[in-house]
Amino acid sequence: MQGTRELLKKLPDQLPPELLERIEKSEVLPVPLEEFPFEPVTSAMLERPKQILDVVWNHRWEYDKGPKLLLCLAQAILTQRLPIRLHVVGQQFRSSPAEFEKIATLLEQHAADLAIDQGSFGFVEKRERYISLLKRCEVVLSTALHDFQGLAIQEACTLGCTPLVPDALVYPEYIDSKFLYTFNKGINESSEDEANCAEILKQLEIWQTMLANNIALPRVTLDDFSQKALRPKYAELLERLFRAEKK
């Protein structure tokens, strides 16, 4: 809000002074998350070590979701022959960033080099298949430059994924610092991507080692975003608005 005040002072047009007051008095409710039955990690799940860490990147295929950083990560995974299977899924549009074609080639080569099944790539048409994919993955990754609530990350978390997200945007508001990577910003975009890529890989390698040693990865709980928690708040707000409208 302070940034908004400073911006409005610089604009030539005079806006109503009560505009910001109305915004400050507004009430913000999150988008409720679909509720899935929680599946705790059991000893039976950890009987056999899993060597390959499955990581899902599930965002719109647009520039504000950080495809350049994702490309840098795919290149590093291939070059270093890391035991990581990267799934890149999400909604595509008529013109998607060129980085995705390069990422597809790199991930295909990586799977061939390690003789493992290739990760999912592209838009998952059926929601049941998408939910199944999230349940199979250990980590959900964000490289976003812009996000609102981060619904794709939140949904994956409710299905058991461990988040790895920038220490920026909305994420620090509801995700503990141990799941955040330092997001470097500077003048040199290429250097930024390399630094951020190194931060991501450092944490992924720690979690891959844990997985290979039958140690469960940490999880987050997002109970405050559940339909159960938010339904009464929405009902109370709508009732208030209805009463005010009738006056």
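Since every read-out is calculated from the coordinates, none of them should be taken as a lab result. Source: prediction; values computed, not measured. No Cβ is skipped: glycine too gets one built from the backbone with ideal geometry, and neighbour counts run over all protein chains shown.
Between GLU24 and ALA244, 0.36 nm times their residue separation minus their Cα-Cα distance comes to what?
77.3 nm
Sorted from fewest to most neighbouring beta carbons within 10 Å, what does the list ASP117, ASP13 look like? Walk me through the numbers before you get to the answer.
Details: ASP117 9, ASP13 5.
So the ranking, lowest neighbour count to highest, is ASP13, ASP117.
If exposed means no more than 15 neighbouring beta carbons inside 10 Å and the site is in a DSSP loop, what's the longest run of the chain without any exposed chymotrypsin sites (Phe, Trp or Tyr not before Pro)? Each step should come with its number before you reach the end.
On the way: sites that count: PHE38, PHE93, PHE123, PHE148.
My reading of the result: 149-247 is the longest stretch.
Around ILE84, what is the net charge, scoring Lys/Arg as +1 and Asp/Glu as -1 over all other residues with Cβ under 9 Å from its Cβ?
-1
Report, in order of residue number, the helices in the chain meeting two criteria: a C-alpha extent of 15 Å or more along the helix axis, and a mean Kyte-Doolittle hydropathy of at least -1.0; treat each whole DSSP H run as one helix.
The answer, listed by residue number, is 67-79, 99-114, 189-212, 227-246.
Taking amide H atoms as placed 1.01 Å from N in the peptide plane, list the residues 5 or more away in sequence, or in a different chain, whose amide H sits under 5 Å from that of LEU33.
Here the answer is SER226, GLN227, since their amide H atoms fall under 5 Å of that of LEU33.
Among DSSP beta bridges lying fully in segment 46-217, give the percent that are antiparallel, nearest 5.
Here the share of antiparallel DSSP bridges comes out near 0 percent.
Less than 24 Å apart at the alpha-carbon level, and either on another chain or at least 8 residues along: which lysines does that give for LYS126?
Qualifying lysines at Cα under 24 Å: LYS65, LYS135.
Once the Cβ-Cβ distance between GLN14 and PHE36 is put in as r, and R0 is 41 Å, what FRET efficiency do you end up with, to the nearest 0.05?
0.25
Counting only residues 5 or more places away or on other chains, whose amide H sits under 5 Å from the amide H of VAL56 once H atoms are built in the peptide plane?
HN-HN under 5 Å from VAL56: HIS87, VAL139, VAL140, LEU141.
How long are the semi-axes of the equivalent ellipsoid of the chain, defined as square roots of 5 times the Cα gyration tensor eigenvalues? Whole Å, largest first.
36, 25, 17
Distance in nm between label sites at ASN214 and GLU6, each 7 Å beyond Cα in the beta-carbon direction?
Modelled inter-label distance: 5.5 nm.
Pull up the cross-link candidates among the aspartates and glutamates for LYS102, meaning alpha carbon to alpha carbon under 18 Å and not fewer than 8 places away within one chain.
Within the straight-line cut-off, LYS102 pairs with GLU62, ASP64, ASP113, ASP193, GLU194.
Mind checking segment 99-152 for trypsin sites (Lys or Arg not before Pro) that DSSP puts in a loop (not H, G, I, E or B) and that have at most 14 other Cβ atoms within 10 Å?
LYS126
Quick check: from the Cα gyration tensor, does segment 142-247 come out rounded (a/c under 1.5), prolate or oblate? Write out the running numbers ahead of the final one.
On the way: a/c = 4.49, a/b = 1.75, b/c = 2.57.
Note, shape of segment 142-247 comes out oblate.
Could you grab the relative contact order for segment 46-217? Cα pairs under 8 Å, six or more apart, rounded to a whole percent. Before the final figure, lay out the partial values.
Working: 263 pairs, mean separation 48.7, N = 172.
Relative contact order, segment 46-217: 28 percent.
Between ALA235 and ARG81, what is the FRET efficiency for a Förster distance of 45 Å, r being their Cβ-Cβ separation, to the nearest 0.05? Write out the running numbers ahead of the final one.
Values: r = 53 Å, r/R0 = 1.19.
The computed FRET efficiency comes out at 0.25.
Under 19 Å Cα-Cα from LYS233, which lysines qualify once same-chain neighbours fewer than 8 residues away are excluded?
Leaving aside lysines fewer than 8 places away in the same chain, those within reach of LYS233 are LYS25.
Considering only PRO83, PRO163, PRO12, give the residue with the highest GNM mean-square fluctuation for the chain, with springs between Cα atoms whenever their separation is below 10 Å.
Judging by the Gaussian network model, the answer is PRO12.
Is it possible to state the helix-based mean residue ellipticity at 222 nm for the chain, with each DSSP H run of 4+ residues giving -39500 (n - 2.57), the sum divided by total residues, to the nearest 500 deg cm²/dmol? What is it?
Taking each H run of at least 4 residues, the total per residue is -14000 deg cm²/dmol.
Rounded if a/c is under 1.5, else prolate if a/b is larger than b/c, else oblate: which is segment 87-177, with a ≥ b ≥ c the root eigenvalues of its Cα gyration tensor?
prolate
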